[in-house]
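Accompanying notes for the structure given below.
The values are calculated or read from the model by the stated rules, or taken from the named source; none is laboratory data. Source: prediction; values computed, not measured. Cβ: placed from backbone, ideal geometry, glycine included. Neighbour counts: every protein chain shown.
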Amino acid sequence: MSENSNQTPSADQNRRNFLKALATVPVLGLFLVNLWQKLRRDELKRKNILTDLIQEKKAPAVISGLSDSKHLNLGVIGYGGRGSHLVRGAGFATKGWTDDAYMRTKKNNLDKAFPTFMSQEDLNCSLVGVCDLFDVNAELGLDASQNDVRPGRKSNSSATRYRHYSDLLAQDDIDGVIIATPDHWHSRITIDAAKAGKHVYCEKGLTRTFQEALDVYDTIKETGMILQLGHQNRQVEANDKAKRIIDQGLLGPINLVELTTNRNSPWGAWVWNIHKDGNNKTIDWDLFQEPSPNKIPFGEEALKRFFRWRCWYDYGTGLSGDLFSHDYDALNQILGMGIPKYASSSGGIYYYKDGRDVPDVWHVTLEYPDRDMTVLYSATLSSNNSRGNRIMGHDATMMMGGQSNVGSVGGFIVTADSESTQYRERLKNGVINSKYPIFSYSPGSKQIDGVTSATSQYFANKGLLYTYREGKRVDPTHLHIKDWLDAIRSGTQPKCNIDIAFQEAVTCAMATESYLTGRRVEWDPVKRRLI
Amino acid sequence: MAGQTHKLTSSIIVNNPQLYGLVTLRVLIGWHILYEGVSKLINPYWSSAAYLLDSKWIFSDLAKTIVSNPTLLTISDYVNMWGLTLVGLCLLLGVFSRQAALAGMVFILLYYLFAPPFLGLEYSKPGEGSYIIVNKNLIEACALFVLYYFPTSHLIGLDRILSKSETN
């Protein structure tokens, strides 16, 4: 008895001990039940939205290059800011650039320019010819051709400098030329290059006038040379993904698209530095202005025009060829809408009253009656209030850049329309909420990049600075050059070939002409003329 | 009930309401930290990078070093995901809860120090409340400090069994 009476409280104590030890375990149970419910809810939402939206979720693979098949010799005509970037895309950077980029990466690990350049594929080409009307730039081009710090194999030897582009084109050992001169030279050099049997990579905008666009198109078609227009957005995976989503009809009928440009810095408005070594001994001014409608003697004004040429219609088309062309081509890549039936544009020189004759605030309306669609483009160079681009469908809107907040690399979000027909049921039962994106694409969201300046940010937002292949950061300019070289080697057409380039050139010419004449411009595709 | 007393440590004695108050505090903080960890584990896109990049004050350089080094960033991601999950689980179940309270305090104090709500420090993401110097991180870290010095898991929690078996 006494043993039993001793045992009873002990067993009770054990039981109480046990209960107290496990007292909070039910809380964990409650936690797990809630977690399970949340996971099921998320899965249900994901299934309801994503399976519809994206059938293929994989990122584009790295296309195996044809670089080993044939060594190509390249020439560059116009080795300025853009020309040097293009040549870098082919694998050639000046020692100054590699040193500077290396130091920047060393100081700030977030600056990825140097490792991105060094991890570029070796495109198996040489830079053998450089032509520039400014001695300083020509020397830099030669420097780039022989810098050993480059992806893959070492350089062979220095390129040769040519003072006139026709001398460069006369070289038999040159397979292709990169043209990055101001726009007023594009058509003439492209035509002469194609006639000389050279393949052409031409920087955008393809041409300055409508007639030039026709001439370039006819020559390329006649000669059969491979032309790539410099819209590197064609290599950006976000645009391909956007196209697939739209092709599946997930936006419904699209009747309106809004494209925008917002910049707010002198550099962004083409007030570029006048080089301290720029003078009548280092610049061939007469040759520079040879194709321009108006000529002026060399002097202070000429220097301004030489280094800030985008500000005058004599040498370019301002916003039209520089920035509208990019947004138009990216949309053409996604929607494939081609040349509009009508274009009208307006604007003015409202902020930069510095003697320029191209507008700094400019808007274009493109009408596509066959597609029941209007494309609006609106640009300002005096406000950074980034508006982004919006493709507005009856069922959903796709927003790129601007306030879509999808990271820095040309991502986009898709938001259902509150009055959508396609999503009505799902909007009603709460699976879809029109206030939140039903799909968000943010490439490289786990990678951090040190994009600093506002203008860099502008290009990065539009996916023009870099893109991703299998999660790895790649410069789309490099991919675009590679695409051109691969097309030369395989005899196929590159992504921004002459047919697409022609659509860009005619559309930009229509918009420019409308601004200059103050009337709506119509495209006659049968007689190939503007009315 | 309130009359019953418990020995928290050899020198601290509390009554029932005080004990239950401390246990509730431990379980609630455990729940919160556990979900912070689990939510990161179940989100394949989560990375500590965004938080670190927005770091201000004395640890901002360290934060940038971590972000720019893929290995360090991966380590930081794993330490956060699994560290928070384990700390939360320990506090909730009352196992190794003193060590967990200390570790949790270090975690949360670091979050505070990497982005303190001081005057003049601007963050790209607006906070979910209004803070000046004192924010919820600081208060939670302080609560964990209290839990470290007022342990309860040997009375209510799995440590009760573990400490018993140790003494046996």
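Give the residue that is surrounded by the most Cβ atoms within 10 Å (Cβ to Cβ), with candidates limited to residues of the range B:26-43 that are in contact with a Phe, Trp or Tyr (Cβ under 9 Å, 6 or more places away or on another chain), among the aliphatic types (A, V, I, L, M) and more than 10 Å from chain A (Cβ to nearest Cβ). My answer is B:ILE33. For B:LYS7, the requirement of being of a type in the set (Lys, Arg), out of contact with any Ser or Thr (no Cβ under 8 Å at 6 or more places or on another chain) and over 17 Å from B:GLY104 (Cβ atoms) is met.
Counting only strands (runs of 3 or more DSSP E) that fall entirely inside the range A:419-524 and contain at least 2 residues that are at pLDDT 75 or above, the qualifying elements are A:437-441, A:521-524.
Taking every residue in the range A:234-245 that is without any contact (Cβ under 8 Å) to a residue 60 or more places away in the chain and pairing it with any residue that is of a type in the set (Gly, Ala, Ser) and part of a helix (DSSP H, G or I), at least 6 positions away or on another chain, yields no pair with a Cβ-Cβ distance below 8 Å. Among the residues of the range A:198-229, those identified as acidic (Asp, Glu) and out of contact with any strand residue (DSSP E or B) (no Cβ under 7 Å at 6 or more places or on another chain) are A:GLU212, A:ASP215, A:ASP218, A:GLU222. The single residue among B:SER153, B:SER130, B:SER97 that is out of contact with any Leu (no Cβ under 9 Å at 6 or more places or on another chain) and small (Gly, Ala, Ser) turns out to be B:SER130.
Residue count for the range A:478-512, restricted to those that are out of contact with any Gly (no Cβ under 9 Å at 6 or more places or on another chain), of a type outside the set (A, V, I, L, M, F, W, C) and buried (at least 20 other Cβ atoms within 10 Å of the Cβ): 2. If you go through the range B:45-85 and keep only what is within 12 Å of chain A (Cβ to nearest Cβ), touching a residue at least 24 places away in the same chain (Cβ under 8 Å), assigned to a helix (DSSP H, G or I) and not hydrophobic (A, V, I, L, M, F, W, C), you end up with B:TYR51, B:ASP77, B:THR85. Scanning the range A:12-34 for residues that are under 14 Å from B:SER153 (Cα atoms) and either among the aliphatic types (A, V, I, L, M) or more than 7 Å from chain B (Cβ to nearest Cβ) (or both), we see that the one that is nearest to the chain's Cα centre (by Cα) is A:VAL25.
Condition first: in contact (Cβ under 8 Å) with a residue 24 or more places away in the chain, within 14 Å of chain A (Cβ to nearest Cβ) and not basic (Lys, Arg). Now tell me which residues in the range B:115-150 satisfy that. The answer is B:SER124, B:LEU147.
Close contacts from the range A:338-360, counting a first residue that is within 16 Å of A:LEU516 (Cβ to Cβ) and a second that is crowded, with 20+ Cβ neighbours inside 10 Å and among the small types (Gly, Ala, Ser), with Cβ to Cβ under 7 Å and a gap of 6+ residues or different chains, come to A:ALA343/A:ALA511; A:ALA343/A:SER514; A:SER344/A:SER514; A:SER345/A:ALA511; A:SER345/A:SER514; A:VAL358/A:GLY318; A:PRO359/A:GLY318; A:ASP360/A:ALA269.
Table: residues versus (1) within 22 Å of the chain's Cα centre (by Cα); (2) closer than 24 Å to A:GLY316 by Cβ.
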{"residue": "A:GLN120", "(1), (2)": "yes, no"}
{"residue": "A:CYS125", "(1), (2)": "no, no"}
{"residue": "A:VAL128", "(1), (2)": "no, no"}
{"residue": "A:GLY152", "(1), (2)": "no, no"}
{"residue": "A:SER158", "(1), (2)": "no, no"}
{"residue": "A:ILE189", "(1), (2)": "no, yes"}
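Among all residues of the range B:91-107, there is at least one that is of a type in the set (Phe, Trp, Tyr) and crowded, with 19+ Cβ neighbours inside 10 Å.
Name the single residue that is farthest from the other protein chains (Cβ to nearest Cβ) among those in the range B:92-102 being closer than 13 Å to B:ARG160 by Cα and aliphatic (A, V, I, L, M). So the residue we want is B:VAL95.
The listed residues are A:GLU139, A:GLU203, A:GLU212, and the only one of them that is surrounded by fewer than 17 Cβ atoms within 10 Å (Cβ to Cβ) and not aliphatic (A, V, I, L, M) turns out to be A:GLU139.
Can B:GLN18 be described as in contact with a strand residue (DSSP E or B) (Cβ under 8 Å, 6 or more places away or on another chain) and either at the interface with another protein chain (Cβ under 10 Å from one of its Cβ atoms) or more than 26 Å from B:SER124 (Cα to Cα) (or both)? Criteria not met by B:GLN18.
The one condition from (1) out of contact with any helix residue (DSSP H, G or I) (no Cβ under 6 Å at 6 or more places or on another chain); (2) surrounded by 23 or more Cβ atoms within 10 Å (Cβ to Cβ); (3) aromatic (Phe, Trp, Tyr) that A:TYR165 does not meet is (1).
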